[in-house]
Amino acid sequence: MHSKNFLINDEAVSISIGFILMFSVSVLVFTALVLSFYSIYQETEKSAMQASFKIIGSEISEKITTFDMIVNSINSSGGEVNSLEYEFSLPGSIAGKSYTMNITNSPYQIIMESDNGARSVSPFNITINITERKIYSGSENYKFKYDTNNRSIIIDED
Amino acid sequence: MLDEKAQLHTLEGVSAATLILLVIIYAIDATSMTPLTSSTSNAHVQSELVALGQDILNTLDYEEPGYNSKLKNDILNWDGNQYIWNGYDYILDGGTNYLNNSNLSSILKKTLISQGIAHKVEIVYLINSSNNIITSAPDKMIDAGIPSNNAVIVSRKIVLQDTDCTGGGCNSGKYLDIDPSTNLYNIVDIKLILWRT
Amino acid sequence: MGIIQNNDAQFMLLAGFIIAIGLVITTVMFSSIIFEENMAIGGGSDPSKNELVNLIHITKDETRAAYNNSTASGGGNTAKFNNFSKQMQYFNGNLSKMYALHGETVNISWENWTNKGYANLTDNGTANGVSNWTVIENVKNSNITVDVIYFNGAFQIRLKNSTEKLINITSTGTFSFINSTANDPYSIAFVNGANASGRFNMTGNASGKQFIRARDYVINTTMTFSSNRIKTILTIPFSVPW
């Protein structure tokens with residue numbers, strides 16, 4: 001029969017279905033929340049990679065500048081550099097992703113990039129030449145070698 | 001007034017508040033410590049100490065043609081004993097003599113002591129051991145205990161000739177002539193160990 | 001109603017959980033960014049650079065000391081060079097032991113200077129060096145001896161204080177000049193030194209103490225240095241005896 005009060009009507013209420021409904025609504029709300037944080041997480045991964053690139057880029061440009069300084073100070077005192085090798089190492093992956101490092105000749109720059117859009121540019125200044133090279137992350141040990149014939153720096157794997 | 005209903009209500013409210021509070025405390029705790037937080041075991045502090053130590057040794061090792069550098073004179077005049085800092089000057093360990101006529105000690109007083117940087121000076125030279133020439137164990141000129149984990153070492157090598165050691169030089173009697181047939185007397189490595197306390 | 005069957009405040013708890021999880025995720029993310037950006041930059045400069053400079057310095061000193069010792073003992077050129085080589089060989093062997101303590105290897109080799117021509121009168125003794133260079137400043141009195149062996153054009157020795165005195169040298173031979181001032185210290189410079197090669201020797205008083213500047217030869221010394229990061233072979237001309 002018609003009940004007098006809709007609000008207190010307890011017919012056709014099953015506790016288990018009530019529980020299932022409650023539970024599934026909670027799960028849906030929770031999943032929506034986690035998904036909304038996922039895009040922020042991607043963004044922070046990109047900025048964390050960019051910070052790492054900046055640090056590695058400035059380290060490598062400092063090593064190139066040291067190399068140039070050694071060659072120039074020996075040459076200016078009338079001496080000769082018969083051979084000079086300076087080893088350096090790059091991490092195999094940054095934030096779990098692979099990256100590339102591009103050392104260019106004009107202007108003198110180190111460009112580090114990765115697939116997800118993170119990119120950083122570190123300039124350096126040397127007086128001798130450097131041979132352009134693009135390094136893919138993976139092999140971790142490299143070295144700068146001095147090419148006496150062309151008075152330039154070559155980058156080689158170790 | 002003394003309502004006994006809603007006990008679980010209150011309990012739930014309190015537990016929710018406690019949960020949020022714990023999370024906030026964890027958040028503040030986790031973000032406060034970074035590698036650049038000022039402490040004595042910082043990478044920047046270490047590179048500063050290396051630069052400072054290297055500058056001290058470079059300044060003392062300058063020489064003009066025909067003269068010995070100040071560092072070389074200090075090494076020649078060292079009497080072989082250990083000195084420690086007593087708050088006022090470098091004094092003989094277990095004695096009363098001060099480290100006099102030492103360019104090294106006057107620079108260390110002006111730079112390291114005034115900044116509160118603990119330091120040790122050790123000397124390694126060549127010795128003749130059963131007809132083999134090997135390096136000696138490190139010999140302490142200035143002692144300051146055991147360095148911390150983040151100590152840095154800077155060093156400089158100096159070559160002594162026979163002519164340096166005549167006329168009262170090579171005071172300690174520790175450096176011996178490793179090659180009597182040529183003018184080469186000995187090679188000395190002076191190590192300066194620096195750390196922040 | 002019993003405590004266990006109380007269904008109120010479920011959304012409040014749910015809201016509490018959501019806020020807590022949201023805060024934890026945000027915290028972990030921000031913490032990792034801040035950590036990453038504040039990472040120590042580099043490890044400072046490579047210590048091998050200083051070791052290399054130290055090696056060049058002591059090799060230069062030892063070359064000069066060995067040369068001085070070998071010429072002082074007299075004898076013919078072959079005897080002098082043997083004496084020089086013996087001391088340098090001993091130095092080379094013992095230096096390697098000292099450098100091994102730091103995890104580095106060194107090796108030194110030198111050239112036979114007895115049949116070599118004399119050095120140019122440039123700043124580093126090679127033909128490409130700077131031709132016009134100041135030898136010493138603030139001199140009170142000096143005794144300059146120049147022995148010109150090879151002549152390719154005029155060169156001058158300039159003594160400069162408030163006035164300038166230019167000594168012109170126009171042929172081979174040995175020349176000697178003695179100068180002194182009372183109150184006006186002067187500087188000694190070579191002009192067009194690349195035009196001539198030979199030996200020079202200057203002694204006297206400068207900046208309140210005795211000085212000596214001299215050059216007989218320029219000995220090209222080759223140093224091999226290898227450490228953890230740097231491996232290098234360098235050839236540097238060292239001016240002997242000072």
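Throughout, read-outs are computed from the coordinates displayed, never taken from laboratory work. Since the model is a prediction, treat every value here as computed from it, not as a measurement. A quick note on method: Cβ atoms are made from the backbone with ideal geometry, for glycine too, and the neighbour counts reach across all protein chains shown.
Applying 1/(1 + (r/R0)^6) with r as the Cβ-Cβ distance of C:Thr78 and A:Thr104 and R0 = 51 angstrom yields a FRET efficiency of 0.40. Farthest toward the positive end of the dipole of segment B:83-174, out of B:Ile153, B:Ile133, B:Tyr88, is the Cα of B:Ile153, where the dipole comes from beta carbon charges about the Cα centre.
Label point of A:Val121 set 7 angstrom out along Cα-Cβ; within segment A:80-106, amide nitrogens under 19 Å from it belong to A:100-106. Rg of the Cα atoms in segment C:133-217, relative to 2.2 N^0.38 Å, amounts to 1.05. Taken over the alpha carbons of the protein assembly as shown as equal point scatterers, the Debye sum produces base-10 log I(q)/I(0) values at 0.06, 0.07, 0.08, 0.09 Å⁻¹ of -0.51, -0.64, -0.77, -0.91. For chain B, a Gaussian network of Cα nodes joined below 10 Å ranks B:Ala43, B:Ala16, B:Ala144 by mean-square fluctuation, and the top entry is B:Ala16.
Distance from the Cα centroid of segment C:187-207 to that of segment C:121-137 is 9 Å (rounded to whole angstrom). Local charge for A:Ser114 was computed over the other residues whose Cβ lies under 12 Å away, with Lys and Arg +1 and Asp and Glu -1, and equals 0. In terms of overall dimensions, chain B has a Cα radius of gyration and Dmax of 28.1, 108 angstrom. In this calculation the C-beta distance from A:Ser83 to C:Thr181 is compared with R0 = 51 Å, giving a FRET efficiency of 0.55. Determine which aspartates and glutamates satisfy two conditions relative to B:Lys174: a Cα distance under 17 Å, and not lying fewer than 8 residues away in the same chain. Straight-line reach from B:Lys174, under 17 Å: B:Asp74, B:Asp79, B:Glu122, B:Asp139, B:Asp162, B:Asp164, B:Asp189. Counting Cβ atoms of other protein chains within 10 Å of each residue's Cβ and taking the mean over peptide B:153-160 gives 5. Could you check how many percent of all C-alpha pairs in segment B:92-197 are farther apart than 17 Å? Cα-Cα pairs in segment B:92-197 separated by more than 17 Å: 61 percent. Computed from Cα positions, the angle between helix A:15-76 and the longest principal axis of chain A comes to roughly 10 degrees.
Beyond 18 Å between alpha-carbons counts as too far, so tell me which of B:Lys157/C:Lys97; A:Lys46/A:Lys143; B:Lys72/C:Lys97; C:Lys60/C:Lys140; B:Lys191/C:Lys86 fall in that bin. As for pairs spanning more than 18 Å Cα to Cα, those are A:Lys46/A:Lys143; B:Lys72/C:Lys97; C:Lys60/C:Lys140; B:Lys191/C:Lys86. Placing dummy labels 7 Å off each Cα toward the beta-carbon, the span from A:Glu59 to B:Asp55 is 2.6 nm.
Its Cα centre serving as origin, segment C:133-217 has a Cβ charge dipole (Lys and Arg +1, Asp and Glu -1) of approximately 100 debye. Each Lys and Arg contributes +1 and each Asp and Glu -1, all at the Cβ; summed about the Cα centre of the protein assembly as shown, the dipole is approximately 1920 debye.
Dividing the helix sum by the residues of the protein assembly as shown, where each DSSP H run of 4 or more adds -39500 (n - 2.57), gives a mean residue ellipticity at 222 nm of -11500 deg cm²/dmol.
With the charge dipole of chain A set up from +1 on Lys and Arg Cβ and -1 on Asp and Glu Cβ about the Cα centre, the Cα lying farthest toward the positive end among the listed residues A:Ile110, A:Thr131, A:Tyr146 is that of A:Ile110. Among C:Phe175, C:Phe17, C:Phe211, whose mean-square fluctuation peaks in a Gaussian network model of chain C (Cα, cutoff 10 Å)? Among C:Phe175, C:Phe17, C:Phe211, the largest GNM mean-square fluctuation belongs to C:Phe17.
Express in nm, to one decimal, how much length is gained between A:Met69 and A:Ser139 on full extension, taking 0.36 nm for each residue of separation and deducting their alpha carbon distance.
Computed gain between A:Met69 and A:Ser139 is 22.5 nm.
Taking the number of Cβ atoms within 10 Å of each Cβ as an exposure proxy, the fewest-first ranking of C:Trp110, C:Trp133, C:Trp242 is C:Trp133, C:Trp242, C:Trp110.
Ordering B:Cys170, B:Cys165 from the fewest to the most neighbouring beta carbons within 10 Å gives B:Cys165, B:Cys170.
Within segment C:186-218, what residues put their amide N at less than 13 Å from the label point 7 Å along the Cα-to-Cβ vector of C:Ile167? Once the point is set 7 Å along Cα→Cβ of C:Ile167, C:187-191, C:200-204 turn out to lie under 13 Å by backbone N, inside segment C:186-218.
One decimal place: the segment C:Ser207-C:Thr224 gains 2.4 nm when fully extended, by the rule 0.36 nm per residue minus the C-alpha distance.
Shown for C:Thr27, A:Thr104, C:Thr122: other C-beta atoms within 10 Å of each C-beta, ranked fewest to most, produce the order A:Thr104, C:Thr27, C:Thr122. Considering chain B as a Gaussian network with a 10 Å cut-off on Cα pairs, which listed residue, B:Ile142, B:Ile84, B:Ile25, attains the greatest mean-square fluctuation? Checking each option, the largest mean-square fluctuation is seen for B:Ile25.
Averaged over peptide A:67-75, the number of partner chain Cβ atoms lying within 10 Å of each residue's Cβ comes to 2.
Per-residue mean of foreign Cβ neighbours for B:170-179 is 1 (Cβ atoms of other chains, 10 Å radius). Taking Cα centre as origin and charging only the Cβ of basic (Lys, Arg, +1) and acidic (Asp, Glu, -1) residues, the dipole magnitude of chain A rounds to 380 debye.
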